[in-house]
1. Any chance you could count how many residues in the range 88-121 are under 25 Å from Ile237 (Cα atoms) and either of a type outside the set (Ser, Thr, Tyr) or surrounded by fewer than 17 Cβ atoms within 10 Å (Cβ to Cβ) (or both)?
2. Given the structure, is Leu215 within 14 Å of the chain's Cα centre (by Cα) and of a type outside the set (Asp, Glu)?
3. Just need a number here: residues in the range 240-256 that are closer than 22 Å to Asn165 by Cβ and either in a helix (DSSP H, G or I) or basic (Lys, Arg) (or both).
4. Quick check on Val163: is it buried (at least 18 other Cβ atoms within 10 Å of the Cβ), closer than 21 Å to Pro241 by Cα, out of contact with any Ser or Thr (no Cβ under 7 Å at 6 or more places or on another chain) and assigned by TED's automatic domain parsing to the domain that holds Phe243?
5. Could you check the range 115-125 and list, in sequence order, the residues that are modelled with pLDDT of 95 or more and either of a type in the set (Lys, Arg) or more than 12 Å from Lys168 (Cα to Cα) (or both)?
6. Look at the range 114-150 and say how many of its residues are over 17 Å from the mean Cα position of the chain (by Cα) and hydroxyl-bearing (Ser, Thr, Tyr).
7. Filter the range 199-234 for residues that are more than 24 Å from His181 (Cβ to Cβ) and either in contact with a His (Cβ under 6 Å, 6 or more places away or on another chain) or not aromatic (Phe, Trp, Tyr) (or both) and give the result.
8. I'd like to check something: does the range 126-147 contain any residue that is crowded, with 20+ Cβ neighbours inside 10 Å, within 18 Å of Thr209 (Cβ to Cβ) and modelled with pLDDT under 95?
Amino acid sequence: MRKKGREMEEDVIRFLQDVRSVLRCHQVGSIVDYPAGAELESFLGVSEREKIPVREQIVPLPEKQKTTRVAPVRKKSDQGSLAEIAAEVKLCKSCGLAGQRKCVTPGKGGGGSIRLLLIGHWLPVPEHFTGGGIDKTVFGLQEDQMLARMLAAIHLAPEEVFVTNIIKCGVGPGIQPQAEHIDACFSYLQRQIKAAAPELICTMGMVATRAMLRLSQPLSRLRGRFHMYNGIDGMEIPLLPTFHPNYLLQNPEMKKATWLDLQVLEKRISAK
């Protein structure tokens with residue numbers, strides 16, 4: 001009974017810490033009110049208390065249906081190269097974000113045999129966008145710089161990594177992408193994964209993790225260990241979730257946990 005009490009206390013502490021982090025991120029994002037709605041009710045539910053932080057809050061995706069696993073297959077796609085897919089993305093008008101986007105972010109990196117594919121949510125673009133190089137980034141200026149330091153720390157060269165987002169449109173701070181926008185972009189991501197044929201995938205943030213795994217557990221319970229991504233044509237790739245650089249910039253105390261995740265990645269890559 002005492003053990004159960006301690007576990008409950010730890011759950012409460014973790015929940016309060018999560019609430020504090022989310023509120024801090026909302027302050028940074030200039031969120032000053034919370035209109036009542038299904039998303040907020042879901043956020044406040046016990047089973048969903050670790051909703052997506054910072055600007056990542058989004059309508060939950062449906063649970064993944066069970067499928068029969070087949071032997072892993074990793075070979076180049078017959079559905080287009082990364083460059084061909086990027087050209088398609090730049091012309092995409094599959095959803096309402098096409099008319100609101102400030103830039104397009106198909107992804108960057110690669111050039112050789114891709115060992116790691118990194119996936120974030122979308123590129124947040126400042127309200128008064130005048131270029132300034134942010135349209136050349138994937139996660140953001142500071143976020144990409146942090147990501148470069150992360151990859152250097154685990155001894156991965158830029159040509160061994162491809163970085164992309166679930167949503168390929170860079171949007172302003174007043175726009176909140178929804179599940180329908182993820183659905184519109186997801187086929188591009190699946191084709192990119194097929195074309196890149198990476199050894200490993202790392203999802204950064206809850207949006208990317210939930211979209212890839214279709215699991216409802218919070219990121220704090222999914223991170224730090226490998227799951228299996230089941231892609232098109234029977235492709236299976238180990239996938240490790242961790243925190244997004246944007247979240248780490250607002251919550252530097254989580255860098256230690258992220259470094260542990262990176263070490264798990266490095267160990268797996270070194271073993272191959």
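1. Number satisfying all stated conditions: 18.
2. So Leu215 passes the test.
3. Residues meeting the conditions: 8.
4. yes
5. Scanning the range 115-125 gives Arg115, Leu116, Leu117, Leu118.
6. 1
7. Glu199, Leu200, Ser220, Arg221, Arg223, Gly224, Arg225, Met228, Asp233, Gly234 - these are the residues of the range 199-234 that are more than 24 Å from His181 (Cβ to Cβ) and either in contact with a His (Cβ under 6 Å, 6 or more places away or on another chain) or not aromatic (Phe, Trp, Tyr) (or both).
8. No, the range 126-147 contains no residue that is crowded, with 20+ Cβ neighbours inside 10 Å, within 18 Å of Thr209 (Cβ to Cβ) and modelled with pLDDT under 95.
The values are calculated or read from the model by the stated rules, or taken from the named source; none is laboratory data. Bear in mind that the values here come from a model prediction, so they are computed numbers and not experimental data. When we count neighbours, we look across all protein chains shown, and the Cβ atoms used for this are built from the backbone with ideal geometry, even at glycine.
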